[in-house]
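The values are calculated or read from the model by the stated rules, or taken from the named source; none is laboratory data. What you see is a predicted model; the values in this text were computed from it and never measured. Don't worry about glycine lacking a Cβ; one is built from the backbone with ideal geometry, like all the others, and counts go over all protein chains shown. For the accessible areas, the whole protein counts, side chains as well, though only heavy atoms, and no ligand, DNA or RNA atoms are used. Shrake-Rupley method; radii C 1.70, N 1.55, O 1.52, S 1.80 Å.
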Amino acid sequence: MAATAPDTSQNSGSDERYVRPKQSAIVRLGKRLRAPLNRFLERQSLTTTEPIVPSDTLKGLDILQHNWRAVQAEALALLQQRDNIPAFGKISPDHRRIANGPQWKSFFFEGYGFRSPGNCTQCPKTAALLRQIPGLVVAFYSIMEGDTHVPRHKGLTKAWLNCHLPLVLPHAAGRCEMRVDDSITVRWTEGEWLVFDETYPHEVWNDTGEPRVVLMLQVRRPMRWPGRLIAKVLYETVRRTSFVQDIRRAIGA
């Protein structure tokens, strides 16, 4: 039985907007280097480099899928007090081009090795399950209110993959879907993983008037050892930038 999406009227009318700060020199340099670096990482991949990736090629995701009802229950409890959950653009200023208002909220468990003790205490079952996922880079509840559009964008690196475990999906009429690589339209199914390569352009809509909640992970892509080495260097570099340090401070990690 699908979970009932809570009322969204408390959040739907805000016109608040956030402005992205000037990006640091190392972030700008990384964006210039990402094309040749991603071509190298693509050749190192031990799984498909297509936009959509089978979830069974990533170790540990089955643990969360088998226990997704427990994860869903903790997410539903949070939704009852979601006015207290910060907007993604406030947690991560570098994302404000695509998350410039309060409609897209985020509840972070961890990112780049920095863990939020308070959030993990609030959702102990989910936090315990996340500790069993090998190669975990980022983990948070992504809460997208109704009438939200995330514009076309693409991520930094092929070193890790984006994984969505849908927990609450709208029942109302309208679009709740994602377009990947400008040609593939995907829709979520509660309790079933959707894994994709964020370096392909992607765009998200939820114009149903009801919330969409997924457990959002980034995990390391399976690669040959040269690729794993470069990915490790990239990971250690990124975790020291303002891109990550802003989130670390915001979640009290």
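Using only Cα atoms, tell me the angle between helix 68-79 and the longest principal axis of the chain; keep it within 0 to 90° and round to the nearest 10. Orientation of helix 68-79: about 60 degrees from the principal axis.
Using a cutoff of 8 angstrom between alpha carbon atoms and counting only pairs six or more residues apart, the relative contact order for the chain works out to 28 percent. Of the residues Ile133, Ile52, ranked by 1.4 Å probe accessible area with the largest first, the sequence reads Ile52, Ile133.
With the simple model of a label 7 Å out from the Cα in the direction of the Cβ, Glu50 to Thr185 spans 1.9 nm.
How much of the accessible area of the chain, probe 1.4 Å, is carbon plus sulfur, in whole percent? Kindly include the intermediate steps, with their values, before the conclusion.
Values: 5970 of 11610 Å².
The C+S portion of the solvent-accessible surface of the chain is 51 percent.
Between Gln81 and Lys154, what's the calculated FRET efficiency when r is the beta-carbon distance and R0 is 30 Å? Round to 0.05. Show your work: numbers first, answer last.
Values: r = 33 Å, r/R0 = 1.10.
For Gln81 and Lys154, the calculated efficiency is 0.35.
The Cα atoms of the chain give a gyration tensor whose axes a ≥ b ≥ c have a/c under 1.5, which makes the shape rounded. Averaged over its residues, the range 46-204 has an accessible area of 39 Å² per residue, based on protein heavy atoms and a 1.4 Å probe.
Of the residues Asp56, Asp246, ranked by 1.4 Å probe accessible area with the largest first, the sequence reads Asp56, Asp246.
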